[in-house]
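Q: Below you'll find the structure I mean.
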Amino acid sequence: MTMPQRPHGLEPLRDTIARHGLDARKALGQHFLLDPGITARIAALAGDLAGQHVVEVGPGPGGLTRALLDTEAASIIAVEVDPRAVAVITELATHAPGRLQIIEADAMRRDLATLCPAPRQIIANLPYNVGTPLLVGWLRQASAWSRLTLMFQQEVAERICAAPGSEHYGRLGVLAQWTCRCGVMMHIPPGAFSPPPKVHSAVVGLIPHAQQPDAALFRAMEQVTAAAFGQRRKMLRGALKSIGGEALLAEAGIEGSRRAETLGIADFDRLARLHARRSTAVA
């Protein structure tokens with residue numbers, strides 16, 4: 001088997017950033033991760049990448065990209081909206097011809113699953129300002145991915161993995177855990193970044209379940225969780241009034257006096273399936 005070609009003779013990342021004048025921009029949610037030890041650990045958290053096609057979102061100056069190129073991944077597709085960073089990654093690609101592809105695009109507007117064949121993963125230090133909507137979009141097509149290894153603000157990571165009844169449990173955690181096995185895999189302090197953010201960060205691993213909801217059922221779950229957690233202080237009979245309220249809860253065998261944070265993933269699954277069925281019947 002031909003071994004992936006790894007980049008050699010690269011200058012230190014800080015020197016590359018200085019040479020290109022690549023300052024992190026707040027408007028783009030950028031915080032560059034420069035420590036090669038940390039980026040190597042993140043790449044390792046994604047498991048054995050042999051034969052996998054990896055999509056990296058927001059590579060910036062390429063710290064994590066370098067670590068990914070040093071794995072057995074079949075290819076890396078870097079999706080970057082900042083043209084300044086695109087120039088840096090394009091330069092990096094010359095050190096590993098054929099393995100690194102650069103796409104200048106807004107990841108919020110692209111179907112990333114169309115960029116490479118399966119098996120495919122997403123591994124990314126996500127821009128803080130769009131991390132949550134990006135994740136929800138990928139959860140809608142979770143069957144397309146073998147794994148997602150993503151860095152978020154620590155608070156968002158805790159929301160993704162929160163258990164029912166905990167302070168961070170909410171809509172994002174239900175959507176994530178309904179479609180994937182989730183876990184916080186690594187904590188990263190502000191000082192690891194340039195410039196340091198005001199919050200800690202964490203890497204979350206998400207492995208999609210073998211069985212995934214179809215598009216209609218996922219929409220139903222989004223509607224149920226939006227209603228349930230949109231008015232957290234209300235009992236469910238009131239919070240879900242717009243989508244069936246007491247009748248929906250009775251059919252699901254759930255007391256109307258309960259609140260959203262007390263329901264488990266299985267409870268929300270029942271509600272979503274019943275709501276999807278009712279919506280189809282009405283249509």
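The values are calculated or read from the model by the stated rules, or taken from the named source; none is laboratory data. Quantities reported herein were computed from a predicted structural model and do not represent experimental measurements. We place every Cβ from the backbone using ideal geometry, glycine too, and count neighbours over all the protein chains shown. Note: areas computed on protein heavy atoms with side chains; ligands, DNA, RNA excluded. Shrake-Rupley method; radii C 1.70, N 1.55, O 1.52, S 1.80 Å.
Q: Which pairs have Cβ atoms under 6 Å, sit 6 or more apart or on different chains, and link a residue in segment 94-117 that is in contact (Cβ under 8 Å) with a residue 40 or more places away in the chain to one that is open to solvent by 70 Å² or more (accessible area, probe 1.4 Å) and in a helix (DSSP H, G or I)?
A: none
Q: Taking segment 91-115 as the search range and keeping residues that are assigned to a helix (DSSP H, G or I) and open to solvent by 30 Å² or more (accessible area, probe 1.4 Å), which one is nearest to V55 (Cα to Cα)?
A: Checked segment 91-115; the qualifying residue nearest to V55 (Cα to Cα) is L115.
Q: While we're on this one: Picking from Q211, Q231, Q223, which residue would you name as being closer than 30 Å to Y128 by Cα and at pLDDT below 95? Can you show your working first?
A: On the way: Q211 fails: at pLDDT below 95; Q223 fails: at pLDDT below 95.
Result of the check over Q211, Q231, Q223: Q231.
Q: Using the structure shown, decide if R147 is touching a helix residue (DSSP H, G or I) at 6+ places or on another chain (Cβ under 9 Å) and of a type in the set (K, R).
A: In short, no.
Q: Okay, next question. Determine, yes or no, whether I160 is open to solvent by less than 10 Å² (accessible area, probe 1.4 Å) and under 22 Å from F229 (Cα atoms).
A: yes
Q: Being at pLDDT 95 or above, part of a loop (DSSP other than H, G, I, E, B) and surrounded by fewer than 14 Cβ atoms within 10 Å (Cβ to Cβ), is that true of even one residue in segment 51-64?
A: Yes, segment 51-64 contains at least one residue that is at pLDDT 95 or above, part of a loop (DSSP other than H, G, I, E, B) and surrounded by fewer than 14 Cβ atoms within 10 Å (Cβ to Cβ).
Q: I've got another one for you. Tally up the residues in segment 256-278 that are in contact with a Leu (Cβ under 8 Å, 6 or more places away or on another chain) and over 22 Å from A162 (Cβ atoms), please.
A: Summing the residues that are in contact with a Leu (Cβ under 8 Å, 6 or more places away or on another chain) and over 22 Å from A162 (Cβ atoms) in segment 256-278 gives 7.
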